[in-house]
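Trainee: There's a structure below that I have some questions on.
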Amino acid sequence: MKKYSFLLVLLIGLLGEASGQTDRFIPKMGFMYEFFTLMPEDTTYQQIIANSNNGSSQIFVPYYTFMVGSYYMLAHKNDVVSVGVDGALQGGINFRGGGISYQLQVPLFVMGRLGSGATSYNQQKIGIGLGVGTQMSYLNEKRPFVYSTESPKKIFGFIPSGIIEATIQQGGGHLTGRVHFPLIPQKTKIAQLNNPVANSDYWKLGNFGFGLIYGF
């Protein structure tokens, strides 16, 4: 948990510094559809899940989330090309299953941008962005999965990810479509999802997401 707290403090510090340099700072907000994939390390447990999950050994956990964040431009060339840091806070609530489940995320990426959205002064109609970074996630799941109850299942994720964005200029702002995907699934311990037969606490955790974001 300490590494998540440290990275969150680092993100807040970067955003705080950026807020004093408004020409480098592009705030944004939007909605993301996030879904997590969970697969046990133990092959016996995988087969147990597949037998009760239409043949799939993965468990899918979806969320609709709201996001606020910013792009902080570090360097640029003629306001057409830039590199910077893109960070945000986002969260979602799900009422399906045995109670209220929720998740919190801190996506943090190093980005390269071309065209619209590259800097706050860019006036081009379209743009693209590519980046690498991490999706830091915390899930408090009440939904019962295979061999689990409705009690909270606390899941931490620190997933190396890639990101692709396409941007169009909309009035005085920018509308961006975002897709992110895991580069390497994370191995994490989820004791609350332990199987009495396979006796395995460790799972492979992935996180995909896509959505629309408006930059001011």
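Trainee: Between Gln170 and residues 5 or more places away or on another chain, which pairs have amide H atoms under 5 Å apart, with H built 1.01 Å from N, and which residues are they?
Mentor: Placed amide hydrogens put Leu175 under 5 Å from Gln170.
Trainee: Of all the accessible heavy-atom surface of the stretch 117-216, with the other protein chains kept in place and a 1.4 Å probe, what percent is carbon and sulfur? It would help to have the intermediate numbers written out before the result.
Mentor: On the way: 3070 of 4690 Å².
Heavy-atom surface of the stretch 117-216 belonging to carbon and sulfur, 1.4 Å probe: 65 percent.
Trainee: Let me ask something else. Calculate, in nm to one decimal, what Gln124 and Arg96 gain on full extension: separation in residues at 0.36 nm each, minus their alpha carbon distance.
Mentor: Numbers: separation 28, 0.36 × 28 = 10.08 nm, distance 4.28 nm.
That pair, Gln124 and Arg96, stretches by 5.8 nm at full extension.
Trainee: Right, something else. Taking Cα Rg over 2.2 N^0.38 Å straight from the coordinates, which label in (1) 1.12; (2) 1.29; (3) 1.18 is the correct one?
Mentor: Answer label, from the structure shown: (1).
Trainee: Can you work out ³J(HN,Hα) from phi for every residue in the stretch 64-69, in order, using Karplus 6.51 cos²θ - 1.76 cosθ + 1.60 and θ = phi - 60°, giving whole Hz and x for Gly and Pro?
Mentor: 9, 10, 10, 10, 10, x
Trainee: Could you work out the relative contact order of the chain? I mean the mean sequence separation of Cα pairs under 8 Å and 6+ apart, divided by the number of residues, in percent. Don't skip to the answer; put the middle values down first.
Mentor: Values: 576 pairs, mean separation 44.5, N = 216.
Relative contact order of the chain: 21 percent.
Trainee: Taking the stretch 65-113, which chymotrypsin sites (Phe, Trp or Tyr not before Pro) meet the DSSP loop condition and have no more than 10 other C-beta atoms within 10 Å? Numbers along the way, then the final one.
Mentor: Values: sites: Phe66, Tyr71, Tyr72, Phe95, Tyr102, Phe109; in loops: Phe95.
Those satisfying the criteria are Phe95.
Trainee: What percent of all Cα-Cα pairs in the stretch 38-156 falls into each 10 Å bin, going from 0 up to the bin containing the maximum distance?
Mentor: Result, from short to long distances: 13, 29, 24, 18, 13, 3 percent.
Trainee: Sticking with this structure for a sec: Rounded to the nearest 0.05, what FRET efficiency do Thr44 and Phe181 have when you use their Cβ-Cβ distance and R0 = 45 Å? Before the final figure, lay out the partial values.
Mentor: On the way: r = 29 Å, r/R0 = 0.63.
The computed FRET efficiency comes out at 0.95.
Trainee: Which entries in the list Lys142/Lys187; Lys28/Lys125; Lys28/Lys153; Lys77/Lys125; Lys28/Lys187; Lys28/Lys77 go over 24 Å, if you measure between the two C-alpha atoms of each? Show your work: numbers first, answer last.
Mentor: Numbers: Lys142/Lys187 21 Å; Lys28/Lys125 18 Å; Lys28/Lys153 31 Å; Lys77/Lys125 17 Å; Lys28/Lys187 31 Å; Lys28/Lys77 22 Å.
Among Lys142/Lys187; Lys28/Lys125; Lys28/Lys153; Lys77/Lys125; Lys28/Lys187; Lys28/Lys77, the Cα-Cα distance tops 24 Å for Lys28/Lys153; Lys28/Lys187.
Trainee: Over the stretch 99-216, with the other protein chains present, what is the accessible area per residue in square angstrom, probe 1.4 angstrom?
Mentor: Numbers: 5290 Å² over 118 residues.
On a per-residue basis, 45 Å².
Trainee: Let me ask something additional. Can you work out the FRET efficiency for the pair Ser151 and Val68, with r the C-beta to C-beta distance and R0 = 30 Å, to the nearest 0.05? Can you show the working numbers first?
Mentor: Values: r = 31 Å, r/R0 = 1.03.
With a Förster radius of 30 Å, E is 0.45.
Trainee: Run through the stretch 124-216 and list the trypsin sites (Lys or Arg not before Pro) located in a DSSP loop whose Cβ has at most 13 other Cβ atoms within 10 Å. Kindly include the intermediate steps, with their values, before the conclusion.
Mentor: Numbers: sites: Lys125, Lys142, Lys153, Lys154, Arg178, Lys187, Lys189, Lys204; in loops: Lys125, Lys142.
The qualifying sites are Lys125.
Trainee: Shifting gears a bit: Pick out, in residue order, every one of the chymotrypsin sites (Phe, Trp or Tyr not before Pro) in the stretch 115-162 that is DSSP loop and has at most 13 other C-beta atoms within 10 Å; say none if there are none.
Mentor: Details: sites: Tyr121, Tyr138, Phe145, Tyr147, Phe156, Phe158; in loops: Tyr121, Phe145, Tyr147.
Listed in order of number, the matching sites are Tyr121.
Trainee: Put a dot 7 Å past each Cα toward the Cβ at Gln170 and Asn51; how far apart are the dots in nm?
Mentor: 4.9
Trainee: On to the next question. Can you show me the helix-derived [θ] at 222 nm for the chain, built from DSSP H runs with n ≥ 4 at -39,500 (n - 2.57) apiece and divided by the number of residues, rounded to the nearest 500. Each step should come with its number before you reach the end.
Mentor: Working: 2 runs with 27 residues, N = 216.
The helix-only estimate for the chain comes to -4000 deg cm²/dmol at 222 nm.
The values are calculated or read from the model by the stated rules, or taken from the named source; none is laboratory data. This structure is a prediction, so every number in the text was calculated from the model and none was measured. Quick reminder, even Gly has a Cβ in these numbers, built from the backbone with ideal geometry, and neighbours come from all protein chains shown. Ligands, DNA and RNA are excluded from the accessible area calculation, which covers all protein heavy atoms including side chains. Shrake-Rupley method; radii C 1.70, N 1.55, O 1.52, S 1.80 Å.
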